[in-house]
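Read the structure below first, then the notes.
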Amino acid sequence: WVVMATAQTPTNIAVIKYWGKRDETLILPVNDSISVTLDPSHLCTTTTVAVSPGFEQDRMWLNGKEISLSGGRFQSCLREIRSRACDVEDKEKGIKIEKKDWEKLHVHIASYNNFPTAAGLASSAAGLACLVFSLAKLMNLKENPSQLSAIARQGSGSACRSLFGGFVKWIMGKDENGSDSLAVQLVEEEHWNELVIIIAVVSARQKETSSTSGMRESVETSLLLQHRAKEIVPKRMVKMEEAIKNRDFSSFAQLTCADSNQFHAVCLDTSPPIFYMNDTSHRIISYVEKWNRSEGSPQVAYTFDAGPNAVLIARNRQVAAQLLQRLLFFFPPNSDTDLNSYVLGDKSI
Ligand code: DP6
């Protein structure tokens, strides 16, 4: 017999960035963060997990290719989930798996991204969140999404925020064992329906410095990171939560852009400095800044993660249509810039 479960999880984009860990193994951050989860029809991972007495070892395939499960992070997630597994019964098929059986049974995991992994767009967040959610479904865990987020966090920090839709807060927590470092939903999917997210793929190349090693170097060498974590982010979190609750786009855009710029300033303050953005990213920032100034109030917010791709958040559909037109005009695909494609993320909030 085989028992299966499937789940689908979208990626999330941070508007207050997570950058820096106080515990590398448990993945505990140095500051709170806030993200927005994309609509599941864009940039999402679908994972099917199966269990059978015939499986001799845990195995995983990503986009059809087998990958190693030996990494410590995968193993932590699997261990955490297995230890919470409950009885599963399928009366129709006459299958009963008891709690104690899960320790001996092996799982096969097949995961697909609906976007090219090579496009340099964040995939670990959706991937790890989906892995945890599908396994939790298969093994009949009783934990709520926040408790599951604390498991996903151990796979990849940003993954914990993909367990919810809408705007999501990752509370850094205080406990040394990480039990209170988890995600909560701030507002639900429908709360801010007008927003449209456009991702301008500036470069499809793999980033040179991974988030994991980049943030480790920043924690070790950047004084700005210490200042940001202690003095800046706590105040910014309060303001950002308020802006989201009130659908105050001006404050939201100002905080989002400022936080992205500060995150990249921390990268520059790291020794040796880390450059995630390139000339095209900088030109997009200048362009959006000028546009916002000429309108008298912000129409578009920008944010960049650990790579040169621009995530642009338009205040409504009309602005998004204009933005797309202007991007295509000023940054035509295949021009001397290496900006080559646009992904329209029609967010569901
Ligand atoms: C810049 O979650 O990829 O996207 O926890 O080491 O797996 P690990 O790092 P990861 O870092 C994401 C960093 C970021 C900002 C963010 O998503 O908050």
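Before moving on, here are some points about what is shown:
- Taking all C-alpha pairs of region 143-185, those more than 12 Å from each other amount to 50 percent.
- Spherically averaged projected area in nm², based on the convex hull that wraps the Cα atoms of region 132-250: 10.3 nm²
- Solvent-free Debye calculation, one equal scatterer per alpha-carbon of region 1-144: log10 I(q)/I(0) at 0.09, 0.12 Å⁻¹ equals -0.31, -0.55.
- Relative contact order %, region 213-317, counting alpha carbon pairs below 8 Å whose residues are six or more apart: 27 percent
- Rounded to whole Hz, the Karplus (6.51, -1.76, 1.60) HN-Hα couplings of region 309-316, x for glycine and proline: 5, 8, 9, 10, 10, 8, 5, 7
- Taking every alpha-carbon pair under 8 Å whose residues sit at least 6 apart, the chain reaches a relative contact order of 21 percent.
- Q322-T212 pseudo-label distance in nm [points 7 Å out on the Cα-to-Cβ vector]: 4.3 nm
- Rounded, prolate or oblate (a/c below 1.5 giving rounded, otherwise prolate when a/b exceeds b/c) for region 38-114 by Cα gyration tensor: prolate
- When the square roots of the Cα gyration tensor eigenvalues are ordered a ≥ b ≥ c, the ratio a/c for region 196-235 is 1.5 or more and a/b does not exceed b/c, which makes its shape oblate.
- Highest average packing first - 263-272, 132-141, Cβ atoms within 10 Å: 132-141, 263-272
- Take every Cα pair under 8 Å whose residues are at least 6 apart in sequence, average their separation, divide by the length of region 59-105, and the relative contact order is 22 percent.
- Once the Cα atoms are used to define both axes, helix 211-221 deviates from the longest principal axis of the chain by about 60 degrees.
- Gained length - T25 relative to E188, 0.36 nm times residue gap less alpha-carbon distance: 55.6 nm
- Centre separation in Å (Cα based) which lies between region 268-302 and region 176-241: 17 Å
- What the pair-distance distribution of region 254-303 shows, using all Cα-Cα distances binned every 5 Å from zero, is 5, 19, 26, 24, 14, 8, 3, 1 percent.
- In the distance distribution for the chain, Cα-Cα pairs more than 33 Å apart total 28 percent.
- Approximate shape of region 1-40 as ellipsoid semi-axes (Cα gyration tensor, √5λ), whole Å, largest first: 29, 18, 5
- Between helix 249-268 and the chain: long-axis angle, C-alpha atoms, 0 to 90°, nearest 10: 80 degrees
- Rounded to the nearest 10 degrees, the angle from helix 233-245 to the longest Cα principal axis of the chain is 90 degrees.
- Gain upon complete extension [V2, S41; 0.36 nm per residue less C-alpha separation]: 11.2 nm
- Spin-label pair K245/S70, simplified geometry with 7 Å Cα→Cβ offset, distance in nm: 5.0 nm
- For region 228-341, the square roots of the Cα gyration tensor eigenvalues, ordered a ≥ b ≥ c, give a/c of at least 1.5 with a/b no greater than b/c, which places it in the oblate category.
- When only the Cβ of Lys, Arg, Asp and Glu is charged (+1, +1, -1, -1), the dipole of the chain relative to its Cα centre reaches about 120 debye.
- Using 0.36 nm per residue and subtracting the Cα-Cα separation, the extra length available between E89 and W291 on full extension is 66.9 nm.
Where a number appears in this text, it was derived from the coordinates with a stated rule and is not lab data. All values derive from a computational prediction rather than experimental measurement. Here the Cβ is made from the backbone with ideal geometry for all residues, glycine too, and neighbour counts use every protein chain on show.
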